[in-house]
Structure formats: C-alpha cells, structure tokens
C-alpha cells in the first residue's frame, strides 16, 4: 500500500504543471507516506485492549501483619530476613503464595505457607515452642573434646543447642584427667559449663597411702630397733619375750 501511494504521488507530479504542484508539495507527501508506513497505530491498526498479550498488568500489593510472643525470634519471608519479633509495622507483598519462617536458639523452627490477596491484608499469629537449652562449654586448657551422653559434639569452646533434660557431659584431653559431670538442661535457658582439667601427674596428689610415707617407715624402724635390744638383753638364758606389734594395712 505504501509503495502504491508513493507511485501515485510521483505519477501526479509528472502530470501536473509546476504552477499547480510546487516542488516542496510532493516532497511533503512522500514524507507523510513514510511516517504512515512506520507507525502502525497511525496507519489504522487497532490499539491492543487491556488484558491482551503484550500489555502491562498492574498488580495491587497486599499487606502482611505478623503477631508473636516469641520476642527476639528472626522473621524470614521468602528466604529474606525482614526483622525480629516484635515487628512494629506491617509490610507489603505482591499477591500470591509466600513462605514465612521464624527461628530462635532454644526453640523449634516454625515454617508456614500463606496466600496474599490483591489489596488484602493477611494476619498471622505465630509462636515458637522451646525444646532445647543453649549450652556453652569452656575448658582450661581449651581444645578438649566434649561428649554429651556418649556422643561427641565438638571441642571447647563449644556453643550448642542441646535438648532439655539430664545430660552427662564428658570432657577429655590427652595428658589430662577426664572430667564427667551431670547437668540438668532446661529448655530456652542458657547455661555455661566450665571445666578445669588436671594433668595426669597430679591425679594422685594428696591420695598417697600411709605406708608409702616417711613417718610410717620411721615408726617401723624404731619398733624394730626396740625389739632387737630386747632380744640382746635377754640372751643370758632367760625366755625371750615375743614382741607385741601388729601392723594393719587397709
């Protein structure tokens, strides 16, 4: 169609006299034809209706309000941290399906999926349940292995969430005496355990048996000397008295 219009305009110029058709007139007509060819809307093509492919769809955001008594818990929406409890303000979300996650040390993590309507408000009441204690284990010297109920958790200094209840802690380090302690762990509570490990050389300090001490053998020596003197003094034919000495070693 554009080519036909151009041909017609050029043909008219050849048949018209210079008095009826100035030079600039046919140039303007040619430019107009080119504009019509490159602009579909001006050439008579209908405009796309709303909702048809190629048009922008405006989505009205919704609003999310989170209510919780688990103060200090971290809040994630669609994998992104949005704040901690308590959240003072609501925030906008696009319509559709979303995922919220609450977590805090010593508490079971809570994950839920919810729908946000366009222009609507969603209110969620979420509370975490305590199940473990926050336990910090320290030792002197550091680097000792820590077992809880026979299971190795790591080395000191250690910071772990341990399920509530009575637990047996065993702290070991080569060259040092093992330390064993029973601890009552309470849910959502923090406890700090400190272990001072003693070198194996100090294990028997203060526990030496009495018969290994110097004073024991001094007494034995004095008693033996007295017995020998008694035997010599009675060697003139008199009956040798039997020494009445009893040593009891537990």
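Each value in this text was obtained by applying a stated rule to the coordinates, not by laboratory testing. Remember, it's a predicted structure, so these values are computed and weren't measured experimentally. Because the Cβ atoms are built from the backbone with ideal geometry, glycine has one as well, and the counts that use them run over all protein chains shown.
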Take residue 74 and residue 201, extend 7 Å from each Cα along the Cα→Cβ direction, and tell me the distance between the two endpoints in nm. 4.7 nm
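Taking other Cβ within 10 Å of each residue's Cβ, how do 159, 89 sort, fewest first?
On the way: 159 14, 89 6.
Least crowded to most crowded, the residues run 89, 159.
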In terms of the Cα gyration tensor, with a ≥ b ≥ c the square roots of its eigenvalues, is the range 132-202 rounded because a/c is under 1.5, prolate because a/b exceeds b/c, or oblate? prolate
Listing 192, 177, 146 from the residue with the fewest other Cβ atoms within 10 Å to the one with the most, what is the order? 192, 177, 146
Between residue 84 and residue 97, what length comes free when the chain is fully extended (0.36 nm per residue of separation minus the Cα-Cα distance, one decimal in nm)? 2.5 nm
Residues in the range 125-144 that a label on residue 194 would reach, taking backbone N under 17 Å of a point 7 Å out along Cα→Cβ: 135-144
Return the FRET efficiency for the residue pair residue 123, residue 151: r is the Cβ-Cβ distance, R0 is 25 Å, and the value is rounded to the nearest 0.05. 0.05
